[in-house]
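Every number here is computed from the coordinates shown, using simple stated rules; none is lab data. Please read these numbers as outputs of a predicted model, since none were measured by experiment. Reconstructed Cβ throughout: ideal geometry from the backbone, glycine too, with neighbour counts over all protein chains shown.
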Amino acid sequence: MQLGQPVTAIGSIPRSIQGDCAWHGKEIQGSSSWIVHWTPEQITELEAAAAHFSKTGIALENITPESFPLQKLKPFIADVLHTLLQGRGFVMLRGLPIKEWGIEKAACIYMGIGRHMGSLRSSNGKGHLLGHVRDQGAKVEAGARFYQTNKKLDYHTDSADIVGLLCLQKAKEGGESFIASSMALYNEMVKRRPDLIPAMFTPYPTDRRGEVPEGRDPWFEIPIFNWYQGQLSCVYLRHYIEEAQTRFPNAPRLSQEQIEVMDLIDTILQEPGFALQMAFEPGDIQLLHNHQILHSRNDFHNWPEPERARHLLRLWIAPKTGRPLPEYFASRWGSVTPGDRGGIIVPGTKLSVELSV
Ligand SMILES: [Fe+2]
């Protein structure tokens, strides 16, 4: 990858992406077609799989489709995966009775569903397969990652094919989730500023937040838009791109055009009707395909009692049927092999599951 240059021949990239993946919030905000309710029969099957798993004595980090067996739910999960990978890129699964289950059973069923979609990836340098998205009083200015705070999160993608969020508890107020199609975003950017296309496909140095794999720089370099084998993929986290400029004098400098690309992205994403807003209810699982969906959330305020704090469980999933990705993704994703890529692995990482923060 040559610095300061687009990584793909610009002439070969389409100027518009068509299909279900290129949607606008205003087209679907009023409909509930993206919310899927679990049926009582499905819940019973999930509970039976959890009961089977607990009898095996296997640790949660080693859960597999065999140790969490599903039969009737297999085609359902395949449909969900198809919508994520080939369709509009997001699904909301509603109505898991998590209050009845308690955290251990909820985590088992959530991870079991995820494991039927692909391998589970570590979402931090500690090797945690289940990420706790909860205000821990941490400060982004002091180097923390946003999921440890109660701060508004700007639009970004995560470093795995699929991200899941299971809501255990919602905030007293705020914390709404916003998602947007990065495919529709690309179409709009090309329409407004075709002159910026080369800068969209040029590498952006991005801060790793201290979670540095062996032999790598503390930043990685990747374009915001990536065209590979007939598919467009987006990678974006502006705050960490800007942090790399501030913290690492050796990181390549952004060009004026690259800054204009980020300004244009942020402008379009804030325009009314572009994104889709959703409020989490306890028991909801939101699943997103990071290559084609950007996500953000509002600031939130918790109830005074710590046990009522907003609490989501994050899963990063790598399906075997994931799209082909260019080799340079391995700098962040460890590998580009579908089913075995994404997540954060640093020296000494041992995969584990923590049921509390
Ligand atoms: Fe995220």
Query raised in the report: Under the rule of -39500 (n - 2.57) per DSSP H run of 4 or more residues, summed and divided by the residues of the chain, what mean residue ellipticity at 222 nm is obtained, to the nearest 500 deg cm²/dmol?
Result: -8500 deg cm²/dmol
**Report entry** Interchain or long-range residues, amide H under 5 Å from Ser119's placed H
**Finding:** Ala318, Lys320
**Report entry** Amide H contacts of Tyr204 (H built 1.01 Å from N, under 5 Å, at least 5 apart or other chain)
**Finding:** Ile222, Ile224
**Report entry** Candidate aspartates and glutamates for bridging to Lys74, where Cα separation is under 17 Å - those fewer than 8 sequence places away on the same chain excluded
**Finding:** Glu41, Glu45, Glu47, Glu66
Requested in this report: Using Cα positions and a limit of under 18 Å, work out the aspartates and glutamates in reach of Lys350, with same-chain residues fewer than 8 apart set aside.
Outcome: Glu61, Glu211, Glu214, Asp340
Query raised in the report: For the stretch 5-161, what ratio Rg/Rh do Cα atoms give with a Kirkwood hydrodynamic radius?
Result: 1.01
Report summary line: Contour minus Cα-Cα span, Gln256 to Gln18, at 0.36 nm per residue, comes to 82.7 nm
Query - Signed unit charges on C-beta, dipole axis of the stretch 53-159, positive-most listed residue Leu96, Leu70, Gly114 - result: Leu96
Query raised in the report: Taking Lys152 as the anchor, which aspartates and glutamates have their alpha carbon closer than 15 Å to its alpha carbon, excluding any fewer than eight residues away along the same chain?
Result: Asp135, Glu141, Glu173, Glu176, Asp266, Asp299
Query - Nonlocal amide H pairs with Gln169, under 5 Å, H built at 1.01 Å - result: His311
Query - DSSP-defined antiparallel bridges as percent of all bridges, the stretch 35-333, nearest 5 - result: 95
Requested in this report: Evaluate E = 1/(1 + (r/R0)^6) for Arg192 and Asn62, where r is the Cβ-Cβ distance and R0 equals 45 Å; express this FRET efficiency to the nearest 0.05.
Outcome: 0.35
**Report entry** HN-Hα J in Hz across the stretch 228-236 - Karplus 6.51, -1.76, 1.60, θ = phi - 60°, x for Gly and Pro
**Finding:** 8, 6, x, 9, 9, 10, 10, 10, 8
Query - Computed lengthening from Ile35 to Glu100, 0.36 nm per intervening residue step minus Cα-Cα distance - result: 21.2 nm
Query - Net length gained if the chain between Asp340 and Thr267 were fully extended (0.36 nm per residue, minus Cα distance) - result: 22.8 nm
Query raised in the report: Tell me, what is the percent relative contact order of the stretch 35-333, built from C-alpha pairs under 8 Å that lie six or more residues apart?
Result: 32
Query raised in the report: Given the convex hull of the Cα atoms of the stretch 35-333, what is a quarter of its surface area in nm²?
Result: 16.1
**Report entry** Karplus 3J(HN,Hα) series, Hz, for the stretch 21-38 with 6.51 cos²θ - 1.76 cosθ + 1.60 (x for Gly, Pro)
**Finding:** 6, 9, 10, 10, x, 4, 6, 10, 4, x, 9, 10, 5, 8, 9, 10, 8, 5
Report task. Order these peptides, 9-16, 313-320, by their mean beta-carbon neighbour count within 10 angstrom, highest first. Result -> 313-320, 9-16
